[in-house]
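Enquirer: To start, I am sharing the structure in question, which I have written as structure tokens.
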Amino acid sequence: MNVVFAVKQYISKMIEDSGPGMKVLLMDKETTGIVSMVYTQSEILQKEVYLFERIDSQNREIMKHLKAICFLRPTKENVDYLIQELRRPKYSIYFIYFSNVISKSDVKSLAEADEQEVVAEVQEFYGDYIAVNPHLFSLNILGCCQGRNWDPAQLSRTTQGLTALLLSLKKCPMIRYQLSSEAAKRLGECVKQVISKEYELFEFRRTEVPPLLLILDRCDDAITPLLNQWTYQAMVHELLGINNNRIDLSRVPGISKDLREVVLSADNDEFYANNMYLNFAEIGSNIKNLMEDFQRRKPKEQQRLESIADMKAFVENYPQFKKMSGTVSKHVTVVGELSRLVSERNLLEVSEVEQELACQNDHSSALQNVKRLLQNPKVTEFDAARLVMLYALHYERHSSNSLPGLLVDLRSKGVSEKYRKLVSAVVEYGGKRVRGSDLFSPKDAVAITKQFLKGLKGVENVYTQHQPFLHETLDHLIKGKLKENLYPYLGPSTLRDRPQDIIVFVIGGATYEEALTVYNLNRTTPGVRIVLGGTTIHNTKSFLEEVLASGLHSRTRESSQAASRSASRR
């Protein structure tokens with residue numbers, strides 16, 4: 001179950017099927033992103049694809065010496081563009097591939113438009129999602145729900161993305177969903193409908209234990225996307241933002257032109273592939289080792305490498321090192337910027353308190369630490385608000401809850417109203433009333449003992465104590481202990497055996513911390529293969545946008561105003 005390999009195979013097959021000769025790849029906005037995640041331009045050039053065009057671009061030239069490979073989502077808009085294209089073809093012959101199921105009526109319209117008989121074939125290749133890591137995919141949808149219910153257009157897109165994923169991995173799964181989420185049940189039903197309607201597509205060789213699709217809702221764990229991260233991929237996304245493997249470094253002080261935007265892809269970057277799940281400290285020392293290795297081979301160029309600043313100077317001074325390892329110079333820049341932000345924003349201290357809020361139950365210590373950090377001028381308004389959100393979620397119903405006081409502290413710190421309002425919006429989005437699970441207190445004797453022992457030993461890394469709630473959910477699922485009253489099956493049949501192939505989908509977005517959990521479970525649990533997906537991959541900033549987009553905060557305000565109005569009428 002490797003999603004990068006699945007999408008890559010589709011694209012290779014498209015190019016092979018078109019035969020030898022010069023080709024143009026015609027895509028739409030979404031399929032451009034899907035292709036760029038699994039292939040570099042230079043890799044595709046080697047396969048005689050010399051031109052990349054958007055189907056919606058108005059000023060394409062006529063080039064009858066090129067064959068056209070069209071890879072498009074089956075939207076009405078794209079079908080209309082294709083009809084116009086076929087009426088006045090710009091290329092010699094067309095191989096058309098839709099990334100999902102296309103209706104018979106659309107195929108008929110295309111056939112009618114093809115008066116010059118330039119179409120060689122029309123096929124469905126189900127690469128209708130963004131393959132991020134081998135075990136992680138996204139649909140790049142931000143703001144999928146209105147209130148607690150789906151935005152209809154996003155439900156339709158998510159159903160398509162999820163069914164395409166199942167088809168590309170050749171899985172016809174049983175479905176379980178989070179009972180506390182109406183949106184999870186609705187998505188499960190939509191996927192089931194597609195499987196029933198397109199049953200011929202889903203007739204794969206039966207496995208002894210059927211695959212399982214588990215649909216979860218972000219509301220059940222609003223803590224994970226609010227935490228600072230310390231493993232490489234997750235940290236880069238949290239502090240710099242990863243968008244389809246691209247990182248915008250244009251705001252970095254003194255950045256050189258060629259590094260304003262960099263690509264981080266485990267497929268074509270060995271250093272990234274080996275370091276993406278390691279802790280920040282280990283990455284710095286791994287870069288240092290690479291440079292010292294270079295120095296050993298070129299003894300003239302001895303230079304002390306004590307700090308990240310030394311490393312940056314080293315890269316700039318030795319052009320041949322830059323050439324030898326273009327990727328390493330890119331990582332020196334990225335790691336340099338991460339470490340600048342960590343010290344500028346005091347993130348070590350902030351993160352330690354975040355971890356305490358997420359993992360421990362000492363209210364007075366947590367409150368004291370949050371108050372102390374709110375007084376610190378180095379702590380940004382964003383990080384201050386995030387600490388108060390974590391406090392509000394954890395101690396929502398605590399008898400000594402001091403949220404009003406903390407909101408006053410935020411105000412006197414000069415934190416903008418937007419962030420202060422988001423505190424209650426986050427509680428409305430993922431507070432105790434909404435959660436189907438108990439995020440904070442250990443559930444049984446075993447868990448309590450574990451937590452007690454953890455407290456005795458001291459934690460080996462205070463910055464990475466937290467484990468996403470997903471870890472516990474998957475652990476129970478793999479052991480066959482996931483409660484059916486909380487995660488029921490859709491339909492009458494249930495799984496007797498422990499599941500082997502598991503696809504987890506998080507409505508409202510997954511995180512790179514959860515992807516790391518899945519990566520580790522895959523590595524340490526023989527016979528179990530897990531793939532994680534989400535409507536998007538969040539960092540704190542995008543998660544807060546998701547909360548805003550759901551509109552829950554404005555609703556609570558309106559309903560409380562309405563309540564006070566009716567009270568005054570009485």
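The values are calculated or read from the model by the stated rules, or taken from the named source; none is laboratory data. What you are looking at is a predicted structure, and each value in this text was computed from that prediction instead of being measured. For neighbour counting, all protein chains shown are included, and Cβ atoms are generated from backbone atoms with ideal geometry for every residue, glycine included. We work out accessible area using only protein heavy atoms, side chains counted, and drop any ligands, DNA or RNA first. Shrake-Rupley method; radii C 1.70, N 1.55, O 1.52, S 1.80 Å.
Enquirer: At most 11 other Cβ atoms within 10 Å and a DSSP loop assignment: could you name the GluC sites (Glu not before Pro) in segment 1-98 that fit?
Expert: Qualifying residues, ordered by number: E61.
Enquirer: Also, quick follow-up: Along the Cα→Cβ direction, 7 angstrom out, place labels at Q116 and E545. What is the inter-label distance in nm?
Expert: In this crude spin-label approximation the distance works out to 4.1 nm.
Enquirer: Right, something else. Quick check on the chain: helices-only [θ] at 222 nm, where DSSP H runs of length 4 and up contribute -39,500 (n - 2.57) each and the sum goes over total residues. Nearest 500, please. Each step should come with its number before you reach the end.
Expert: Numbers: 23 runs with 281 residues, N = 570.
So the calculated ellipticity at 222 nm is -15500 deg cm²/dmol.
Enquirer: Still on this structure, I have one more. Could you tell me the center-to-center distance, by alpha carbons, between segment 186-265 and segment 38-78 in angstrom?
Expert: Here the answer is 26 Å between Cα centres.
Enquirer: On full extension of the chain, what length is gained from R260 through K371, given 0.36 nm per residue of separation minus the C-alpha to C-alpha distance? Before the final figure, lay out the partial values.
Expert: Numbers: separation 111, 0.36 × 111 = 39.96 nm, distance 3.76 nm.
My answer for the length gained is 36.2 nm.
Enquirer: Moving on to the next point. Using +1 on the beta carbon of Lys and Arg, -1 on that of Asp and Glu, and nothing else charged, what's the dipole of segment 3-125 about the Cα centre, debye to 20?
Expert: Dipole size: approximately 160 debye.
Enquirer: Estimate the FRET efficiency between D80 and A281 by the formula 1/(1 + (r/R0)^6), using the beta-carbon distance for r and 45 Å for R0, to the nearest 0.05.
Expert: The calculated FRET efficiency here is 0.25.
Enquirer: A follow-up question, please. With unit charges on the beta carbon (Lys/Arg positive, Asp/Glu negative), name the residue among V350, T525, A273 whose Cα is farthest towards the positive pole of the charge dipole of the chain.
Expert: Of the candidates, V350 comes out farthest on the positive side.
Enquirer: Additional query: Taking 0.36 nm per intervening residue step and subtracting the Cα-Cα distance, what contour gain separates K479 from S12 on full extension?
Expert: Contour length minus Cα-Cα distance gives 164.3 nm.
Enquirer: Moving to a separate point now. Given 0.36 nm per residue, what is the gain on full extension from N243 to V408 after removing their alpha carbon distance, in nm?
Expert: Gain on stretching N243 to V408: 55.9 nm.
Enquirer: How large is the direction-averaged shadow of the alpha-carbon convex hull of segment 1-79, in nm²? Before the final figure, lay out the partial values.
Expert: Details: hull surface 22.8 nm².
Seen from a random direction, the Cα hull of segment 1-79 projects 5.7 nm² on average.
Enquirer: Still on this model: Loop only per DSSP, at most 16 neighbouring Cβ atoms within 10 Å: give me the GluC sites (Glu not before Pro) in segment 104-181, ordered by residue number.
Expert: Working: sites: E112, E115, E117, E121, E124; in loops: E115, E117.
In loop regions of segment 104-181 (DSSP not H, G, I, E or B), the sparsely surrounded GluC sites (Glu not before Pro) are E115, E117.
Enquirer: So if I take the alpha carbon set of segment 145-272, get Rg, then get Rh from the Kirkwood formula, what is the Rg over Rh ratio?
Expert: Across segment 145-272, the Cα-based Rg/Rh ratio is 1.08.
Enquirer: Taking only protein heavy atoms and a 1.4 Å probe, what accessible area per residue, in Å², does the chain have with all protein chains in place?
Expert: On a per-residue basis, 47 Å².
Enquirer: How large a share of the accessible area of the chain, in percent, is made up of carbon and sulfur atoms when the probe is 1.4 Å and the other protein chains stay in place?
Expert: 49
Enquirer: Given labels modelled 7 Å from the Cα in the Cβ direction, how far is it in nm from L45 to N346?
Expert: Calculated label separation equals 4.9 nm.
Enquirer: How high is the relative contact order of the chain, given as a whole-number percent (alpha carbon pairs under 8 Å, six or more residues apart)? Write down the numbers at each step before the final one.
Expert: Values: 843 pairs, mean separation 103.9, N = 570.
Rounded, it is 18 percent for the chain.
Enquirer: List the trypsin sites (Lys or Arg not before Pro) in segment 195-249 that DSSP assigns to loop (not H, G, I, E or B) and whose Cβ has at most 13 other Cβ atoms within 10 Å. Which are they?
Expert: Numbers: sites: K197, R205, R206, R218, R246; in loops: R205, R206.
Passing both the DSSP loop test and the Cβ count: R205, R206.
Enquirer: Under a plain spin-label model, where a point goes 7 Å from the Cα along Cα-to-Cβ, how far apart in nm are A153 and E61?
Expert: 3.6
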